[in-house]
Each structure stands twice: as C-alpha cells, then as structure tokens.
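See below for the structure under consideration.
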C-alpha cells in the first residue's frame, strides 16, 4: 500500500482487509484481536494514527512512531501470540503527522489458529469489517484444517488387503483408458498405489482409504463418513408432496461414489443436440461444469467435520454443499487461478483420471461452463463451508429453441439412456437371472447405475421381476 492508495482508502468505507486505530501514544489493546483475525482469515492492513468518525477518517498521527513500531513488532515476534508474526511495516507523513501501516499476513492452515495470551479462546476471525471471537466449533475447524496439510498422506493402521479390490481394478482400467502409454501401467497394484499416494511403507494413507477403501474400512477410520445425494420435488423440502423422491446415502469410497452420483445426475441435465466435426457432442460445457463441481466436492470436503458433503437436486437448482471453507477468498482464487486442495493426494488421483482441472481453473470451468446454458452459478462461503448453487433457469443469452431443435434435443438426452436400456434388454434375453451387480459389471456400470436403468425399464413396462429378490428372474415384455 502506498500513500496514494492509503488516501483513497481513507475516503471510502472500511474494507474487510483494512482497520484503523488512533494509537496516539501507545498500542491499543483492540489491536490484538485484529492481528489474530487477519492472521486467521485473509490477511490485512492495520493502520496506527488514524481516527474513524462515522464513515469518514481523520489523520491524527502517532506521537512516538519509532517506539510504537518497535513495541508492536517485538510483541508480534516474541511471545504475545502463539505463532510468530512478521508484519510488513511502512511509515508515511501527512503534514507532520506520522501514520504507521502494518500488513499482517494470513498464516498457512498448518499455523492456525493464531491467538494471543495463554488460551485459544483469544482466537478471532474477520467477518465483514469487524473482528469476531471464534466459536469452539470454529477453533476445532482450525485444528482440523491444520492437520489436513499432512492428513491425506498420514498413515492409517490398514494394509493393502483392507482396500476394495474391485475399486482398484476399475480405477486402473479407467486410468489406462485416459493414459494408455503411462509408465505406471506396468506396475503391480502395490507399486501403482504407492505412486498414487494411496500406500506408504505397506500401510494405507488416508487418501488411499478415501479413494479405495471398503465401507467397513472407511467406517472404522472415519466415523461420520457419508456423502448425500437427494432429489427434492420442489424448491424446498416443504414444497413437494414428499420430502424427496430419491436419496443416495453413499458410504462407499470416493471413486465409486463419484460414478454412482454422476450416473444418476447426468441424465437429468438437458443436453442440446450439437455436432462437432460431424460427431454428436455428448459432453457440453455445462455438463463438464457439473462434473467438475462433483469432483471438487469430493476433493475438498473436510471428512473429519461433523457435517457431511451433500448434493441436493431441487426443481429450480442443484446445490453442492462442501464442509470445509475455501483456502482463500473466492475473488483471489478466481483472479490468481489459486489451487490448494484440502486432500492433495485425492485431488492427484482424480486428475490422473482426467476428471478434474488442475492449476486452480476448476472454479472458472464451473462458472463459465454453466452460464453458457443456464444462469451463472452462485457461490456462497463461510468460515467452515462453501456452497455452489447451479440455477436451472436458462441464461438470457441462450438461443430460443425451435420445435425442431427441441425434438433433436429430446432425442439426444434420451439416446444415452436408450442405449443403456437396450443393452440391458439384450443381456436379459441371454440370461434372465442376471443380477444388477452382474449387469453393471458387463456394461461398465456401478451396481447403483444398473439398478437405475432397471427401474426405468420396469416403470416403462418393458420388464418385470418375478420371484424373490435373490432367486427371482426378469421377464421381458412380449
């Protein structure tokens, strides 16, 4: 901040990263909560020698600037706080009145919470343009965040045998389809998982548990682990005749949860008919945006939080709720393409599968991709969560669809489902005793995905189930 910018800021209302103190002859006690808040949130400028009068400011000056500067920086570096703080210091003179400016940097997740005195009850966070004492829950969240920089590579008590072999096989097959010449393909499972960050010293990392773990293993290490997907027939829970029409409480690993949810979610999104180089485009930007949001949720969720990751599909919007705050303000992330995944090795694995963007561009892909077809997504964030809302109302720039185009669009959105259902019918003609799990394996679907298409076929009357669930069979409409 230079002198010109200081004057400009003083003419405006107080910013979130800007706090003034009169500090004529000593350091105000109110400075310490501000230092804590800036350190714990996004950093900010603390200015001594300025008095706030309503929405205006008066430069009063500091009487003994050298002493106050020395006392202040010494306090920040020598035990006043639980972490050493190294501020950037500047001094300006305004008509013989000296103003001291200190930039308090944001600490890394590993060094938070920052508090003064002997108790973490003196932990503060910045909300709006004020300092707020952190709640017990927010302080707990700081400690979880601090652990997360190493948590996803931390070792569990589990071994390779505790991971789900089917998931490992499916992951490797998908990896090979996206990286057909990659050197990791020559490795056996143990070596491959070590390269992915899933195994270390013959033990499973938390990242490996999250991506490849069995339900029993996940439950033993992560007591509150669950990812919710809910379809609600209205704009709120109380709006419809029933609270929800479909609910998936996934306690499966992240790899299987992704495909279970995406295979349920993607057929519900309108995909216009479009040819690219003579080939029908099955993956337009707004569908990519939704996929990015799902992967983003799985990569960045705080799996030790008492809250659960949640996707809610309303009639007018889709909401992705992520327990765990953003590492930086959204404006900074978008401007700088900043990327700091909460679960680094989980993010690495999904990027190897080419299911997620790197280099911080995921938010751009979500926003820009979605607004090509619908209204711009809304991103809300708090200290320990963020939520991405995808409106289902078409954007103003979207062209009006003629009846002919609508017919093509309808054909397009149903083609994918039709192909799957026809393949299932062909399988049942061969063997009417096939289970949903066996159908899924033969068609590269999850068991949940196969059940979804079987349900569609039953609803249409194309098939029906006779006999018991375990020993029954499928009958085809003649």
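The values are calculated or read from the model by the stated rules, or taken from the named source; none is laboratory data. This structure is a prediction, so every number in the text was calculated from the model and none was measured. As a convention, Cβ positions derive from the backbone with ideal geometry for all residues, glycine included, and neighbour counts pool all protein chains shown.
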Give the residues of segment 205-220 that are more than 16 Å from the chain's Cα centre (by Cα) and crowded, with 18+ Cβ neighbours inside 10 Å, sorted by residue number. 205, 206, 208, 209, 212, 213, 214, 217, 218
Of the residues that sit in segment 266-289 and are touching a helix residue (DSSP H, G or I) at 6+ places or on another chain (Cβ under 7 Å) and either part of a helix (DSSP H, G or I) or at pLDDT 90 or above (or both), which one is nearest to residue 227 (Cα to Cα)? 266
With 191, 197 as the choices, which residue is modelled with pLDDT of 95 or more and either more than 26 Å from residue 263 (Cα to Cα) or in the same structural domain as residue 34 (by TED's automatic domain parsing) (or both)? 191
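To keep it simple, each residue is scored yes or no on (1) surrounded by 15 or more Cβ atoms within 10 Å (Cβ to Cβ); (2) assigned to a helix (DSSP H, G or I).
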site: 421; (1), (2): yes, yes
site: 427; (1), (2): yes, yes
site: 433; (1), (2): no, no
site: 440; (1), (2): yes, yes
site: 445; (1), (2): yes, no
site: 448; (1), (2): yes, yes
site: 453; (1), (2): yes, yes
site: 458; (1), (2): no, yes
site: 471; (1), (2): no, no
Looking only at segment 117-150, and only at residues there that are part of a loop (DSSP other than H, G, I, E, B) and loosely packed, with under 15 Cβ neighbours inside 10 Å, the one that is modelled with the lowest pLDDT: 129
Kindly provide the set of residues from segment 238-262 that are touching a helix residue (DSSP H, G or I) at 6+ places or on another chain (Cβ under 6 Å) and surrounded by fewer than 18 Cβ atoms within 10 Å (Cβ to Cβ), ordered by number. 251
